[in-house]
Ligand SMILES: O=C(O)C(=O)C[C@]1(C(=O)O)C=C[C@@H](O)C=C1
């Protein structure tokens, strides 16, 4: 405790005065964003307003400059919301996501675009792709891999026949809770609803705490949360958003077996994203079915010292024993080193498609 007495009134006056400054500065920033919109429209009537590379640079800079005491992620989240509101002034952004409302994918969409984006729930991953392809939504957010359960094949397969590009990634820590409604008899829970992936991620905890309860898989965690509102003997496993949306009580928090449980989501759209300074590239490659094909494919990456961050194999839908490879690596297609590798891979592959170069997820 400090020796000098704290004068509460004086401190509040100081906070009021600081708020005045913050208010004025945020308004000035919003005006600058409106001017940016005018410049963009003058340059190109069909200009895209959302600029993922610039947003990543703004957030990274804030995190670097942050003097504390707020931690850098918290500070970046505040700026995320300011930028989201500024972008909405330029042009409201519509983001389709794998719904229903209250899913982790919606949480990821809001984490990436901020609360001023309009989020549109879709019933399936291909619907998110279609909505963005048709221009009904500007961007889409789909899950692609989970640290415990692995890849989401449906998302990868959707890229094969689509012209959609990847504009960004979001990584979300996934915390599951056991939820009940106000009418649930907590000592009589005999059925638990959740998404199959969430059951898999909480398997040990469930075996230890609810070995006898029936586990009923449903299409999403949000669906599970909704279902238990009418069943007095049921509980659901879902996240914070679903708990809030359906007004449910958490009777056990963070029940995932692995504390580092996280899911990576992709932001999809119709634009190519310029260099941000810390980028990733995703490609899909079909190799001819011959010995050493995988080695031939990977060798240029090794030689040019490019870091692979993910390699997935999927059966090709065009031939019985052919495979396609989904590869993520560090770097942007406009960097000479990456361009050289892509050129070499192109020569060795039966088919190569660059799904996008995009900023490494900041938040
Ligand atoms: O710099 C731009 O291009 C802007 O439109 C401004 C701004 C911002 O508020 O900083 C807003 C939206 C874009 O996605 C990126 C940045």
The range 268-285, residues that are out of contact with any helix residue (DSSP H, G or I) (no Cβ under 7 Å at 6 or more places or on another chain) and surrounded by 20 or more Cβ atoms within 10 Å (Cβ to Cβ): 279, 280, 282, 283
Count - residues of the range 15-33 that are exposed (fewer than 13 other Cβ atoms within 10 Å of the Cβ) and near the ligand (Cβ under 10 Å from one of its atoms): 1
The range 56-77 - residue that is without any contact (Cβ under 8 Å) to a residue 60 or more places away in the chain and within 11 Å of the ligand (Cβ to nearest atom) and, of those, surrounded by the most Cβ atoms within 10 Å (Cβ to Cβ): 62
Top-ranked residue in the range 69-93 [being assigned to a loop (DSSP other than H, G, I, E, B) and modelled with pLDDT of 95 or more; ranked as nearest to the chain's Cα centre (by Cα)]: 93
Breaking point among (1) in contact with a strand residue (DSSP E or B) (Cβ under 9 Å, 6 or more places away or on another chain); (2) free of Cβ contacts under 8 Å to residues at least 60 places away in the same chain, for residue 139: (2)
Residue match in the range 81-92 (condition: more than 13 Å from the ligand (Cβ to nearest atom), buried (at least 17 other Cβ atoms within 10 Å of the Cβ) and closer than 30 Å to residue 226 by Cα): no
Strands (runs of 3 or more DSSP E) (entirely within the range 151-239) containing at least 3 residues that are over 24 Å from residue 310 (Cβ atoms): 177-180, 191-194, 214-217, 234-238
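Matching residues to (1) surrounded by 14 or more Cβ atoms within 10 Å (Cβ to Cβ); (2) touching a residue at least 40 places away in the same chain (Cβ under 8 Å); (3) under 21 Å from residue 111 (Cβ atoms):
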residue: 178; (1), (2), (3): yes, yes, no
residue: 221; (1), (2), (3): yes, yes, yes
residue: 231; (1), (2), (3): yes, yes, no
residue: 260; (1), (2), (3): no, yes, yes
Qualifying position, being at pLDDT 95 or above, within 16 Å of the ligand (Cβ to nearest atom), under 14 Å from the mean Cα position of the chain (by Cα) and buried (at least 23 other Cβ atoms within 10 Å of the Cβ), among 96, 109: 109
Residues being within 8 Å of the ligand (Cβ to nearest atom) and either outside the structural domain of residue 72 (by TED's automatic domain parsing) or not in a loop (DSSP other than H, G, I, E, B) (or both) - total across the range 34-55: 6
Selection count where residues are surrounded by 16 or more Cβ atoms within 10 Å (Cβ to Cβ) and more than 23 Å from the chain's Cα centre (by Cα), scope the range 197-212: 3
Single unsatisfied condition, residue 108 versus (1) out of contact with any strand residue (DSSP E or B) (no Cβ under 7 Å at 6 or more places or on another chain); (2) outside any loop (DSSP other than H, G, I, E, B); (3) assigned by TED's automatic domain parsing to the domain that holds residue 141: (1)
Cross-chain or 6+ apart pairs with Cβ under 8 Å, the range 113-136 first and on the phi > 0 side of the Ramachandran plot, then at pLDDT 95 or above: 114/80; 114/81; 114/83; 114/84; 114/85; 114/87; 135/270
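The values are calculated or read from the model by the stated rules, or taken from the named source; none is laboratory data. Owing to the predicted nature of the structure, the values given are computational and were not obtained by experimental measurement. Please note: Cβ atoms are built from the backbone with ideal geometry, for glycine as well, and neighbour counts cover all protein chains shown.
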